[in-house]
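Worksheet for the structure shown next.
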Amino acid sequence: MDALAADILIIFERGVPNGLEFLWRWAHVLVGIVWIGLLYYFNFVQVPAFAELDAGARNQATDKLASRALWWFRWAAVATLVTGILILLAQRDGGGGSLLFASDYWRTYAGISISTGILLALTMFANVWLVIWPNQKKVIANARNVLAGGEADPAAAAAGRKALMASRQNAIFSFTMLFFMVGTSHFFTSWGLIGEASGGERALYWAITIVLLLVLECNALGLLGGTGTGGPRVIYDNHKNAIITGLVLVVVWYVVWILAFGAP
Ligand code: HEM
């Protein structure tokens, strides 16, 4: 296909790029960096460092440092979600409507790629607000109570473990999430600009994708045999295991894509 025809197809399918879309895209990457940057700080820096601190120092750091980092972390997650939706609203399809409501778009390769990225990001968002933050609140309350001379809460360690598992799983998901986020405009259009994936191909892709996502998320929530170490939780045992799992998952997900849609 020559360059002009390719341009026409892009404009037909995904609209002319516009300033508003670019503004939201820029803001989205900015706040996405804050969210995922802090996720990596927690996983790769804070957790290993806290493990080497004595209880008093750890309580101080939880009160003064982790609580601040968590504020930026959870609100950056909200800002990332909001700006992501704003991009979809600003992106126009061939008829001038918003891509968010253009059902055809979601059947294109770009649409399938961004749906995968968003599905992973929404799961990560739910982990932040429904698992990590509620459990970290207990950990922070316990640290502050002990610093004020109160009794340690015996449930705090279990709460910390639940938050840690969800956080490690988010780090694992993040590699694949970003692969599809960035790939939407910069790679997966190589499979075709207009929706060429058949219903059967899409069904195969989504069936494997949903199972993969559910199994990993159930593991993070402790539904596959509890929250202790070992077993399928070995991927959360330390940050190196999480990084390796995250990288392997990118390859696995890409193989699933090839399996469903073939080579570009
Ligand atoms: C929370 C839900 C999220 C939604 C609804 C969302 C939505 C979107 C959309 C619609 C795009 C444009 C895709 C395109 O047409 O090129 C995009 C791109 C992108 N997103 Fe997200 N996103 C989310 C989470 C994240 C997260 C957590 C990050 C982490 C940093 C992220 C980073 C990016 C990046 C780097 C791009 C590519 C920008 C470009 O290639 O120009 N997104 N996202």
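Of the chain, which part is the longest with no GluC sites (Glu not before Pro) in a loop (DSSP not H, G, I, E, B) and with at most 12 other C-beta atoms within 10 angstrom?
Details: sites that count: 52, 151, 196.
With GluC sites (Glu not before Pro) excluded where exposed in loops, the chain gives 53-150 as its longest stretch.
What is the distance, in nm, between label points placed 7 Å from the Cα along the Cα-to-Cβ direction at residue 252 and at residue 147?
Here the modelled spin labels are 3.9 nm apart.
Quick one: 3J(HN,Hα) in Hz for the stretch 53-66, Karplus 6.51/-1.76/1.60 with θ = phi - 60°, rounded, Gly and Pro as x.
8, 7, 4, x, 5, 5, 5, 4, 5, 5, 5, 8, 9, 4
Gain in length, residue 23 to residue 158, computed as 0.36 nm per residue apart minus the alpha-carbon separation, to one decimal in nm?
Working: separation 135, 0.36 × 135 = 48.60 nm, distance 4.20 nm.
Stretched fully, the residue 23-residue 158 segment lengthens by 44.4 nm.
Can you run phi through the Karplus equation (6.51, -1.76, 1.60; θ = phi - 60°) for the stretch 18-23 and list ³J(HN,Hα) in whole Hz, with x for Gly and Pro?
Once rounded to whole Hz, the list reads 10, x, 5, 4, 5, 4.
Hey, in the GNM for the chain with a 10 angstrom Cα cutoff, which one of 57, 121, 171 fluctuates hardest?
Per the Cα network of the chain with a 10 Å cutoff, 57 tops the list.
Under 21 Å between C-alpha atoms is the cut-off here; go through the chain and count lysine pairs that meet it, provided they're at least eight residues apart or on different chains. Don't skip to the answer; put the middle values down first.
Values: 64/137; 64/138; 137/162; 138/162; 162/240.
Taking the Cα cut-off of 21 Å, the pair count is 5.
Using only Cα atoms, find the angle between the long axis of helix 67-90 and the longest principal axis of the chain, and express it within 0 to 90 degrees, rounded to the nearest 10.
So the inclination is approximately 10 degrees.
What is the distance, in nm, between label points placed 7 Å from the Cα along the Cα-to-Cβ direction at residue 204 and at residue 100?
3.4 nm
Let's test the formula: R0 of 41 Å, r as the Cβ-Cβ distance of residue 54 and residue 182. What FRET efficiency results, to the nearest 0.05? Before the final figure, lay out each step's value.
On the way: r = 42 Å, r/R0 = 1.02.
Computed FRET efficiency for residue 54 and residue 182: 0.45.
Mind listing the phi-derived Karplus ³J(HN,Hα) values for the stretch 200-216, rounded to whole Hz, using 6.51, -1.76 and 1.60 with θ = phi - 60°, and x for any glycine or proline?
Listing the rounded values in order: x, 4, 5, 4, 4, 4, 5, 4, 5, 4, 5, 4, 4, 5, 5, 4, 5 Hz.
All of the numbers you see were taken from the coordinates with simple rules; none came from a lab. Source: prediction; values computed, not measured. Cβ sites come from the backbone with ideal geometry, for glycine too, and all protein chains shown count toward neighbours.
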